[in-house]
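A.B. asks: This is the structure I want to talk about, given as structure tokens.
The values are calculated or read from the model by the stated rules, or taken from the named source; none is laboratory data. These figures come from a predicted structure and were not determined experimentally. Here the Cβ is made from the backbone with ideal geometry for all residues, glycine too, and neighbour counts use every protein chain on show. Surface areas here come from the heavy atoms of the whole protein model, side chains and all, with no ligands, DNA or RNA. Shrake-Rupley method; radii C 1.70, N 1.55, O 1.52, S 1.80 Å.
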Number of protein chains: 2
Amino acid sequence: MKKHNRSRPRKPNRITAEDVAREIGVSVMTVSRVLNKKANVAEGTREKVLHTAMRLGYVPNRIAQSLVTRKSFTIGVIVPEISHSFFPDVIRGIEEVVYTTRYNLLFIHSAEDQKREEAAIQTLEENQVDGILISMAQTVKKYTIYRRVVESGKHIVFYDRCARRLGMSCVSIDDIETARQLTGHLIQHGYKEIAHLSGSLKVSIGRDRLKGYQKALIEHNIAMNDELIVESGFHEMGGYNAMKVLLESSKKKIPRAVLAVNDPAAFGAMQAILDMGYRIPEDIAIVGFSNDVRSAFAPTPLTTVNQQPYDIGRKAAQKLLRHIDNPDEPVEHIIVNTEHIIRRSCGCP
Amino acid sequence: MKKHNRSRPRKPNRITAEDVAREIGVSVMTVSRVLNKKANVAEGTREKVLHTAMRLGYVPNRIAQSLVTRKSFTIGVIVPEISHSFFPDVIRGIEEVVYTTRYNLLFIHSAEDQKREEAAIQTLEENQVDGILISMAQTVKKYTIYRRVVESGKHIVFYDRCARRLGMSCVSIDDIETARQLTGHLIQHGYKEIAHLSGSLKVSIGRDRLKGYQKALIEHNIAMNDELIVESGFHEMGGYNAMKVLLESSKKKIPRAVLAVNDPAAFGAMQAILDMGYRIPEDIAIVGFSNDVRSAFAPTPLTTVNQQPYDIGRKAAQKLLRHIDNPDEPVEHIIVNTEHIIRRSCGCP
DNA sequence: TTGTACGCGTTATCAA
DNA sequence: TTGATAACGCGTACAA
């Protein structure tokens, strides 16, 4: 029997299962069986294989393995943003779950860009990932691409930013409910003129937090005043400008409290409040949303809400793995509880 | 001609190059050639292939591709920590470079654990990554595993935490030089009794920053006083305790300024200084290291240094890609410039 | 318990 | 310009 001819040189001289097999005069299959912990293999050969695999420094080639098993043991993660602490914490949660399994993480940053997100999804498909964890870029309008992926038999779990009415699992907080609770907290302080600095209403977060705000007012029979709702967007500058508008336009009556759509907007608003000579929370109370690292260090520490990014990551990863392992795993919208972080800016001592 | 028999059902019915080829009565090779933009293919067939590939929703299988080309177009990234802002920013830098190429990122978190780091490296090898970007876990002592990887023909570039004298490329700041400059800044304020809260001297960062501190003192002919060097470790609590030791032990003479090994240690120390009734910077000036997000919001804003994590990530990725593309790319220790962030804690106005 | 043949989806090689 | 064939390294199915 003529030995396999190794005429063509290989780039790095990687050890294959065949090398191990040849070394001890056994077939590749036996090596494969040992390394995959199949039962039907003699104890003696098992040890011999294990030993020489170790000695030769054999590293199984997952790529070849994936090709034949049609399973990559890889899950793709698409993240729209990495700068702030939220998504890194989500990633940490995902990692801690995935770490305990055989799966690996293919990581792509969409940078809040629909085009990049689409390219990312395509890349993940090309790499035959077993599932995808995705938080939508804010500019995304069309859901067709997600459908296409699912129809091709790939699992998707959304985290934080969900595409609704799409029949896919999703893990997020309940923005409406959380905004309702925060507003309720302000109302319990006795405040009645409560303003809302809303995010863009083109984004579900913006819409939902506004809804929660309105819901709380209605529940407490407080008359809605459209002048008290100003679109600030999600950043400091917008918060600053929106707050100025509030303080200047309604000269007769400034709001007694403010629900900002998130902490950055709240920071901007706080600056505007101070610049206009008002005190926080004595003249105007304010609460934020998202537990920005800076919120504890603001001149008046900001009351806000922790969105539990770590938990979101963990639960999303767990759900995806369950979808992969079990075709009958039900589609679910998992709500992660938020944690209110009460500081001085709302008027609490 | 009998159609290929698809008797065995395939999991998700993925479209392959063969499907595209059969559709227009051409060979798989032609399809392959078109999709790889090879020159020698008739314009007519090229268009037909491209068109039906699109129509059928063909997605090339990178795994099969990798198997035959022995190139995965994947680079592995090992990160020791994700909680603080430094590493996420590094990742962002890596991503922005890699995004412009065909490469993908396989991401693993070592959680500062040597065992996990070793497992991570093994996983990356199994997945046939073309190169590895790694920041060593702090507990790592043995470099043998890195050598093993390189000998197997895989490229490694270290970032931030480098294994020296190992003949591998590395991208980091110059800790000695930066600590020297920071200490020099304190000296220029006229301070003479300058203490150093050092990190663990088992870690190169700890050793180097101490060296830079000593270098600056020597350059300015300031006598070294071992009592002024206290090991605080890298966290708030250690900084607090170390500072207390400094303020209590040397009762006769408290230090006029402090170089903390990093910002968290500085925060702890600042608390201790305030608790003991001293003022910052009037009684004791202090500088940190690493530009923690909180540093701008401390009661006395902290003078510190930005380690340019984004730049580190970018340059590390660029260097690795060059190593991969060019076997003759020289091994290099690339120094990223730091940026001094002057605030009030050092005594500057 | 072990081995043989074959295929996973693609590219390299050589021939047509 | 195109196609047939043989890998790439491994697992599945079946035979020995």
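A.B. asks: Scan the range B:99-126 residue by residue and report those that are out of contact with any strand residue (DSSP E or B) (no Cβ under 6 Å at 6 or more places or on another chain) and within 10 Å of another protein chain (Cβ to nearest Cβ). Break it down stepwise before answering.
C.D. replies: The initial filter retains those residues of the range B:99-126 that are out of contact with any strand residue (DSSP E or B) (no Cβ under 6 Å at 6 or more places or on another chain), namely B:99-102, B:111-119, B:121-123, B:125-126.
Scanning the range B:99-126 gives B:Y99, B:R102, B:A111, B:R116, B:A119, B:Q122, B:T123, B:E125, B:E126.
A.B. asks: Quickly run through the range B:12-27 and pick out the residues that are of a type outside the set (G, A, S) and more than 28 Å from A:G131 (Cα to Cα).
C.D. replies: Hits for the range B:12-27 are B:R22, B:E23, B:I24, B:V26.
A.B. asks: Which helices (runs of 4 or more DSSP H) does the range A:19-95 wholly contain that include 3 or more residues that are open to solvent by 40 Å² or more (accessible area, probe 1.4 Å), within 30 Å of B:Y99 (Cα to Cα) and not assigned by TED's automatic domain parsing to the domain that holds A:V157?
C.D. replies: Of the helices (runs of 4 or more DSSP H) lying wholly inside the range A:19-95, those with at least 3 residues that are open to solvent by 40 Å² or more (accessible area, probe 1.4 Å), within 30 Å of B:Y99 (Cα to Cα) and not assigned by TED's automatic domain parsing to the domain that holds A:V157 span A:62-69.
A.B. asks: Could you list all residues from the range B:131-140 that are touching a residue at least 40 places away in the same chain (Cβ under 8 Å) and out of contact with any strand residue (DSSP E or B) (no Cβ under 6 Å at 6 or more places or on another chain)? Spell out the reasoning first.
C.D. replies: Residues of the range B:131-140 that are touching a residue at least 40 places away in the same chain (Cβ under 8 Å), as a first pass: B:131-138.
Selection gives B:M136, B:A137, B:Q138.
A.B. asks: Also, I was wondering about something else. Criterion first (free of Cβ contacts under 8 Å to residues at least 12 places away in the same chain, in contact with a Ser or Thr (Cβ under 9 Å, 6 or more places away or on another chain), part of a helix (DSSP H, G or I) and open to solvent by 20 Å² or more (accessible area, probe 1.4 Å)) does A:Q181 satisfy it?
C.D. replies: Details: free of Cβ contacts under 8 Å to residues at least 12 places away in the same chain: no; in contact with a Ser or Thr (Cβ under 9 Å, 6 or more places away or on another chain): yes; part of a helix (DSSP H, G or I): yes; open to solvent by 20 Å² or more (accessible area, probe 1.4 Å): yes.
No, not satisfied.
A.B. asks: Hey, another quick one. What pairs can you find where one residue is in the range B:57-69 and under 9 Å from A:E125 (Cβ atoms), the other is near DNA strand D (Cβ under 8 Å from one of its atoms) and aromatic (F, W, Y), and their Cβ atoms are less than 9 Å apart, with a gap of 6+ or different chains?
C.D. replies: Within 9 Å, no pair qualifies.
A.B. asks: Looking at (1) within 23 Å of B:E339 (Cα to Cα); (2) not in a loop (DSSP other than H, G, I, E, B), can you tell me which one B:I273 breaks?
C.D. replies: Answer for B:I273: the failing condition is (1).
A.B. asks: Now, a different point. Which residue is surrounded by the most Cβ atoms within 10 Å (Cβ to Cβ), if the candidates are limited to the range B:119-162 and must be on the phi < 0 side of the Ramachandran plot and of a type in the set (S, T, N, Q)?
C.D. replies: Here the answer is B:S135.
A.B. asks: Another question, if that's okay. Looking at B:I229, B:I254, B:I218, which is the one that is open to solvent by 10 Å² or more (accessible area, probe 1.4 Å), at pLDDT below 95, over 27 Å from the mean Cα position of the chain (by Cα) and among the β-branched types (V, I, T)? Break it down stepwise before answering.
C.D. replies: Numbers: B:I229 fails: at pLDDT below 95; B:I218 fails: at pLDDT below 95.
Exactly one of B:I229, B:I254, B:I218 is open to solvent by 10 Å² or more (accessible area, probe 1.4 Å), at pLDDT below 95, over 27 Å from the mean Cα position of the chain (by Cα) and among the β-branched types (V, I, T), namely B:I254.
A.B. asks: Whether any residue in the range A:138-149 is more than 14 Å from chain B (Cβ to nearest Cβ), at pLDDT below 95 and closer than 30 Å to A:I286 by Cβ is what I want to check.
C.D. replies: Of the residues in the range A:138-149, the ones more than 14 Å from chain B (Cβ to nearest Cβ) are A:138-143, A:146.
From what is left, the residues that are at pLDDT below 95 are A:138-143, A:146.
From what is left, the residues that are closer than 30 Å to A:I286 by Cβ are A:138-139.
Within the range A:138-149, one or more residues are more than 14 Å from chain B (Cβ to nearest Cβ), at pLDDT below 95 and closer than 30 Å to A:I286 by Cβ.
A.B. asks: Quickly run through the range A:276-293 and pick out the residues that are buried (at least 18 other Cβ atoms within 10 Å of the Cβ) and not in a loop (DSSP other than H, G, I, E, B). Spell out the reasoning first.
C.D. replies: Just the residues of the range A:276-293 that are buried (at least 18 other Cβ atoms within 10 Å of the Cβ), to begin with: A:280-281, A:284-292.
Within the range A:276-293, A:A285, A:I286, A:V287 meet the criteria.
A.B. asks: On to the next question. Got a number for residues in the range A:291-320 being touching a residue at least 60 places away in the same chain (Cβ under 8 Å) and within 14 Å of another protein chain (Cβ to nearest Cβ)?
C.D. replies: Within the range A:291-320, residues that are touching a residue at least 60 places away in the same chain (Cβ under 8 Å) and within 14 Å of another protein chain (Cβ to nearest Cβ) number 7.
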